[in-house]
Amino acid sequence: MNQDAEFYIGWQTETPPGFARAVRRFIIGLCLLVPVVAALIVVFQSGFSGATFEYGKKTTLEGTFSRSPVPFLSIHSGINAAGKPVLQKILLVGPGKFGFDATAKYKNLQNGALVTLTGFLIYHDGKTGMQVESIENQAITGNQQPITDKQQPVSSPVTLRGEITDPKCLLGVMKPGLGKPHRDCAVRCIAGGIPPVLKVANTAGETEYYLLAGPKGEPINNLLLEYVSDGVQLCGRLDPEGDWPVLYVDPANIRRINKGALNPGNTCN
Amino acid sequence: MSVIYDPVHWTPHKKTYDRLIAAFVFAYLALFCGLQLLLHPQITAETLVIRATGTLAYLMLHIILIIGPLCRLSPRFLPLLYNRRHLGVSMFLIALVHGIFNLVQFHSLGNVDPLLSLFTSNTQFGSLARFPFQSLGFFALVILFLMAATSHDFWLKNLSPPVWKALHMGVYAAYAMLVMHVMLGVVQLEKSPVLIALTGAGMFTVIGIHLAAAIRQSGKDQGSVRKKISGRDMETQQQAADSDQMFSGFVYACEVSDIADNRAKMLTISGEQIALFKYGNKLSAVHNLCKHQNGPLSEGKIIDGCITCPWHGYQYLPENGQSPPPFEEKVCTYDVRVLGTKIYVNPKPYPAGTPRPAALIAE
Ligand code: FES
């Protein structure tokens, strides 16, 4: 027989003591367990980069605009130890998940134009970008000439292994700005015209970021979409100059590899 | 029980439980966000909201899922079951915030509509490693929405209990999708063995407690099985000259003393689940499954002359299986006979709500 004498009915005001005790224990158990679970989740996350997106804080920069292989603003940022002017390249992107060229009025901006840009800076690991909000053409005067820059690959072919993502999120708009959870966002950004970037880590734990363009500097965004956030191996010619190296690659030669595979060295195979 | 639409049937208990739920939600969010800001001050506000709401909703879903089997293991947890609905709706709302933030963060302000982006940005359904885990979260959220939207008894009545029950069993499909959503999403990024172990522990707790409840239930079912016996066997057993006519179709159930007063014994005869109640000197049998949500009436009690379901307190009159007016729920009834100290039940059900005279126990 062994039937419990206590009986609980939800709509009655009294809860039998045995039932109330069991429920209290369950709730106390949860109060002890849940904070531990929350703490474990937070402590064992891999953490976030110190990347910064100065959203809402406008910065104005003057420099030379270049469109190919990706939209840049080249600016002078001081003098190096040898007394030579240091050039800094600012990667230009549009609002939201769009590239710089997605804004119609920027499409006709001439390569080599001297411009004043206002926008929000995004920076991480020595790389800087800007979400451009407004642009002004400047008249070229004698003491402020456009900065001329070669835009052709100079190296012999290299093979690089890493992960493709979009530089806007990687630089600080989103954290994390790479990896599987960020994949769809990176696809949207790259499909929207933001140049793809290859994040490469070496055995010393250092990272480098290579903007990706086609063999002739043409955009290859849509050809890379299916590889975004996967481990990939790319072979191409490298323009290592400045703070944003560019890898000119043939998307037909892209290979999926295990994430974290080491770089094979400076050969194409 | 209600015959009119009333958004929430407030009871003092419900208010207490709702306050507890609110306190739990705010305490978790405060703790999670506080720890994040302390240990990872570089986190963005959007990621903070996404992670806080995602982990909270996932945790709450585990709690919701273990309440049912826990009550089958011990009825003392029934107050949690009775008040589970608001926990479910709260969990859905938190999951919805998580879903909306994800949709805005990862899919809005792009070159296609955010919902289209959700299903077209990643179409690698053939690969486990690259599987579009966000779509799993979306479909789980749709199921949780349907459950939350139909959680009121108004929908239970209008959709009919079997349809409603089937819809609400969708929580298991949602849970399976969410386990994959977590494993193929953030855990794949984080790779920490601790996070994998936590996800696994949650899954094993849910599965383990369901298995334990199922084993316990099958033990009860086995114990309740009664086989039909022929009139000839009965004569032998009873050593009495009862006519075959009188006991034809009847099955020996138990001794009168096996049932506590105002309580029941569950019988399974020819697959039919029957709750046999003893109250005063009377015995009546009704179908074991409550019309509300299939609660086990045999674990109920006679209160104010009514069989009272242990899950949410629906009531039925033992002699006709009808809920007292103005309620309209009805369960099937059965014939019961007593011979000396032995009780016999005929497993052939009468249509729900058919009056059957109670068997009288001789003084
Ligand atoms: S199942 Fe809800 S009252 Fe019986």
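Structural remarks
- Consider the range B:313-322 and keep the residues that are part of a loop (DSSP other than H, G, I, E, B) and either within 16 Å of B:Pro75 (Cα to Cα) or within 14 Å of another protein chain (Cβ to nearest Cβ) (or both). The one that is nearest to the ligand (Cβ to nearest atom) is B:Tyr314.
- B:Thr268 vs. criteria touching a strand residue (DSSP E or B) at 6+ places or on another chain (Cβ under 8 Å), more than 16 Å from the ligand (Cβ to nearest atom), in a strand (DSSP E or B) and not hydrophobic (A, V, I, L, M, F, W, C): yes
- Of the residues B:Leu20, B:Leu65, B:Leu109, the single one that is among the hydrophobic types (A, V, I, L, M, F, W, C), closer than 30 Å to B:Ala214 by Cβ and either at the interface with another protein chain (Cβ under 9 Å from one of its Cβ atoms) or not in a helix (DSSP H, G or I) (or both) is B:Leu20.
- Members of the range B:286-312 found to be surrounded by 22 or more Cβ atoms within 10 Å (Cβ to Cβ), in contact (Cβ under 8 Å) with a residue 24 or more places away in the chain and within 11 Å of the ligand (Cβ to nearest atom), listed by number: B:Cys290, B:Lys291, B:Leu297, B:Glu299, B:Gly300, B:Ile307, B:Pro310, B:Trp311
- Test: B:Phe139 is in contact with a helix residue (DSSP H, G or I) (Cβ under 7 Å, 6 or more places away or on another chain), free of Cβ contacts under 8 Å to residues at least 40 places away in the same chain and more than 10 Å from chain A (Cβ to nearest Cβ): yes
- Whichever residue in the range A:153-207 is among the hydroxyl-bearing types (Ser, Thr, Tyr) and outside any loop (DSSP other than H, G, I, E, B) and, among such residues, is modelled with the highest pLDDT: A:Thr165
- Residue among B:Gly200, B:Gly223, B:Gly208 that alone is surrounded by fewer than 15 Cβ atoms within 10 Å (Cβ to Cβ), modelled with pLDDT under 95 and among the small types (Gly, Ala, Ser): B:Gly223
- Residue among B:Asp335, B:Asp261 that alone is assigned by TED's automatic domain parsing to the domain that holds B:Thr354, in a loop (DSSP other than H, G, I, E, B) and away from the ligand (no atom under 16 Å from the Cβ): B:Asp261
- Flag set for A:Thr64, criterion: polar (S, T, N, Q), more than 16 Å from A:Phe120 (Cα to Cα) and outside the structural domain of A:Gly172 (by TED's automatic domain parsing).
The values are calculated or read from the model by the stated rules, or taken from the named source; none is laboratory data. Predicted, not measured: the structure shown is a model, and the values here were computed from it. Counting neighbours? That spans all protein chains shown, and the Cβs are built from the backbone with ideal geometry, glycine included.
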